[in-house]
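What follows is a short report on a single structure.
The values are calculated or read from the model by the stated rules, or taken from the named source; none is laboratory data. Everything numeric here is computed off the predicted structure, so don't read it as measured data. FYI the Cβ positions are ideal-geometry reconstructions off the backbone, even for glycines, and counts take in every protein chain you see.
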Amino acid sequence: MYFDEIKYCNLFYSGVNTDYLSEVAVYDDFRAGVMKPEEFINLIDYRVHNLNIKGGEAKNNYKLIIFTSVQKLDTIYRNVDNYERREQWIRRINLIDLYPPERVHIGGLPVGYRTSFNNFDSYSLENNDGSHTIIDLIDN
């Protein structure tokens, strides 16, 4: 199976093969800062859009576009003013989340898991000499 490994930089797509039409594209290491939300929506849209490539245009005939990213889905374009704009592209995405739980302690629960302990502002440890050390959990 052939696929195009595409990138978007300075208003142009690279990696788009115009000699044969690939049905699959891979955008490795996507970061939302490289393109405006409107461009992202056009890239993943069901309709065929023209992709701006150096020296011309290419039709976006991709039936599947795979994105890898260090950004979690809920952080991509989160500052967009119009909520509906996010809805437009979120409904087009099938997320395969390969992120493990944040960090897991010996008990198996992710760090930040809500327990009674998480509700404390501080806690006290008794030292070997009988004195106490106060651990402040609130960042000042």
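Structure data summary
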quantity	calculated
Condition met for Asn79 (assigned to a loop (DSSP other than H, G, I, E, B), modelled with pLDDT under 90 and within 30 Å of Ser22 (Cα to Cα))	no
Residues (closer than 15 Å to Ile65 by Cβ, in contact (Cβ under 8 Å) with a residue 24 or more places away in the chain and not β-branched (Val, Ile, Thr)) located in the range 15-31	Leu21, Ser22, Glu23, Ala25, Tyr27, Asp28, Asp29, Phe30
Test: residue in the range 36-55 that is of a type in the set (Lys, Arg), without any contact (Cβ under 8 Å) to a residue 12 or more places away in the chain and more than 22 Å from Ile96 (Cα to Cα)	yes
Selection from the range 66-77 of residues that are over 18 Å from Glu87 (Cα atoms), of a type in the set (A, V, I, L, M) and either in contact with a Ser or Thr (Cβ under 8 Å, 6 or more places away or on another chain) or surrounded by 11 or more Cβ atoms within 10 Å (Cβ to Cβ) (or both)	Ile66
Residues being within 14 Å of the chain's Cα centre (by Cα) and either surrounded by 12 or more Cβ atoms within 10 Å (Cβ to Cβ) or of a type in the set (D, E, K, R) (or both) - total across the range 31-44	6
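Residue-by-condition table, conditions (1) basic (Lys, Arg); (2) assigned to a loop (DSSP other than H, G, I, E, B); (3) surrounded by 11 or more Cβ atoms within 10 Å (Cβ to Cβ):
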site: Tyr2; (1), (2), (3): no, yes, no
site: Tyr8; (1), (2), (3): no, no, yes
site: Tyr20; (1), (2), (3): no, yes, no
site: Val26; (1), (2), (3): no, no, yes
site: Asp29; (1), (2), (3): no, no, yes
site: Tyr46; (1), (2), (3): no, yes, no
site: Ala58; (1), (2), (3): no, no, yes
site: Tyr62; (1), (2), (3): no, yes, yes
